[in-house]
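See below for the structure under consideration.
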Amino acid sequence: IQTVAKLRKLFRHISPDIVHVHSAKGSVVGRLAAIGISPIVYTVHGWAFTVGVKRVRAFIAVIIEKFLQPFTAQYICVSKFDYRLGRAKGLMNIKHPGIVIHNGVQQQAGIKEQVNRSSFRIVMAARFAEPKRQDLLIDAVSKIKEPNIELVLLGEGPQKSSCEQLAQKLGVSEKVFFEGSVSNVQEYYINADIVALISNYEALPISLVEALATSKAIVASNVGGINEIVTDNGLLVENNSAVIANAIEQLYQDKSRLARMNENSVINYENGFKSEQMLKKTQSIYEQIYKEEVPD
């Protein structure tokens, strides 16, 4: 309540032409603060009532979203999955339209790939917290008999220590590396063989868009909008450690298939996940709303 009041005072002072809000909590606070002051754009990075969220939480989230719908000038969904879900709940219509703009990233230049690396490296970048499932990936690695498999986990979070204990329990602590929070994710990806993301639910994870930008094959959970990123450039899996292990082994054993997937990842990136494409589409939304608010 204090944050809404402070933001509202700020918005009245600067009188923005548009307020653009992101994420579930940020969008609620920002929209409440901007009511009656500025038109509001909300980028949905996964609805708070998405598939996989607990029923009570999802029910409350739908009520909140329906209350805030009249004050939302435009919805931007980062995935077709989220767009369909929003339409199904009646949140987007002619008066309150929605559009899909996929997340985009920039390719980082000048990153060198390690040479003479003998290991087959899997990298997952994610916070150690719900809905991510690093535990399943660790279990999958323990089921793979190949001796030179290694797993690199990037990120921090409340479940990190339990995952470290799991690696020790399963006897793979020498194969699983916990790197903590990093700022150079693409560097880790370039020096990987596979990028993985195992999760209970997702919208359109930027961590996998980074994998496209670094031309890497992907093994990821078949949830949310991930199948809009992973097509012919990786394998979609159910959240079962044996299934995940099998997918990794397939790519480990078939290097030509892995190489084709690497090539397809960067093609997918060029075709729809570059930051320039995302920014151009977002700018057009701003221009449209501004034109409606300030007609010629």
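Both the radius of gyration and Dmax for the range 122-220 are 12.5, 35 Å, in that order, over alpha-carbon atoms.
Taking amide H atoms as placed 1.01 Å from N in the peptide plane, the amide H of His20 lies under 5 Å from those of Val41, each 5 or more residues away in sequence or on another chain. For trypsin sites (Lys or Arg not before Pro), the sites in the range 103-167 that DSSP calls loop and that have at most 10 other Cβ atoms within 10 Å are Lys112, Lys145. Listed values for the range 241-254 are Karplus-derived 3J(HN,Hα) couplings in whole Hz (6.51 cos²θ - 1.76 cosθ + 1.60, θ = phi - 60°), namely 4, 5, 5, 5, 4, 4, 5, 5, 5, 4, 6, 5, 7, 10, and x replaces Gly and Pro. Centroid-to-centroid, using Cα positions, the range 205-222 and the range 80-102 are 24 Å apart.
For the chain, the antiparallel share of DSSP beta bridges with both residues in that region comes to about 5%. An ellipsoid equivalent to the range 170-296, defined through the eigenvalues of its Cα gyration tensor, has semi-axes of 33, 16, 15 Å when rounded to whole angstrom and sorted largest first. Residue by residue, the range 154-168 carries 3J(HN,Hα) couplings of 9, x, 10, x, x, 9, 5, 5, 5, 5, 4, 5, 5, 4, 5 Hz when phi is fed to the Karplus relation 6.51 cos²θ - 1.76 cosθ + 1.60 (θ = phi - 60°); x denotes Gly or Pro. Axis of helix 275-293 versus longest Cα principal axis of the chain: the two differ by about 10°, to the nearest ten degrees.
Dividing the mean sequence gap of close Cα pairs (under 8 Å, 6+ apart) by how many residues the range 1-110 holds gives a relative contact order of 22 percent. Once you have the Kirkwood Rh of the range 1-93 from its Cα pairs, apply Stokes-Einstein at 37 °C and 0.692 mPa s and quote D in µm²/s. The calculation lands on 242 µm²/s. Tell me the carbon and sulfur percent of the accessible area for the range 99-203, rounded to whole percent, probe radius 1.4 Å. In the range 99-203, the share of accessible area belonging to carbon and sulfur is 44 percent.
In loop segments of the range 2-54 as defined by DSSP, the trypsin sites (Lys or Arg not before Pro) with at most 16 further C-beta atoms inside 10 Å of their C-beta are Lys54.
Ligands, DNA and RNA are left out, and with a 1.4 angstrom probe the accessible area of the chain is 50 Å² per residue.
For the range 167-296, the relative contact order is 20 percent, taking Cα pairs closer than 8 Å that sit 6 or more residues apart in sequence and dividing their mean separation by the residue count.
Size descriptors for the chain: radius of gyration and Dmax over Cα atoms are 21.0, 69 Å. For the range 157-237, GluC sites (Glu not before Pro) are listed when DSSP marks them as loop and at most 12 other Cβ atoms sit within 10 Å of their Cβ; the list is Glu174. If you sort the three axes of the alpha carbon gyration tensor as a ≥ b ≥ c, you get a/c of 1.5 or more for the range 215-284 and a/b no higher than b/c, which makes it oblate. Helix 2-14: angle to the longest alpha-carbon principal axis of the chain, degrees 0 to 90, nearest 10? Orientation of helix 2-14: about 60 degrees from the principal axis. Considering the range 1-156 at the alpha-carbon level, its Rg and Dmax are found to be 20.8, 63 Å.
Pairs from the list Lys6/Lys132; Lys80/Lys143; Lys175/Lys216; Lys6/Lys160; Lys216/Lys274 with a Cα-Cα gap above 23 Å: Lys6/Lys132; Lys80/Lys143; Lys6/Lys160. Under a 5 Å amide H cut-off, with hydrogens placed 1.01 Å from N, Phe120 pairs with Ile149, Glu150 among residues at least 5 apart or on other chains.
Starting from the Cα gyration tensor of the range 90-169, take the square roots of the eigenvalues, sort them a ≥ b ≥ c, and report rounded, prolate or oblate (rounded when a/c is under 1.5, otherwise prolate if a/b is larger than b/c, else oblate). Verdict is oblate for the range 90-169.
Enter the angle in degrees (range 0 to 90, nearest 10) between the Cα long axis of helix 55-68 and the first principal axis of the Cα atoms of the chain, meaning the one along which they spread out most. Helix 55-68 sits at roughly 40 degrees to that axis.
The values are calculated or read from the model by the stated rules, or taken from the named source; none is laboratory data. Only a predicted model underlies this, so the values are computations on that prediction, with no experimental measurement involved. Here the Cβ is made from the backbone with ideal geometry for all residues, glycine too, and neighbour counts use every protein chain on show. Each accessible area value is taken on the protein alone, full model and side chains, heavy atoms only, with ligands, DNA and RNA left out. Shrake-Rupley method; radii C 1.70, N 1.55, O 1.52, S 1.80 Å.
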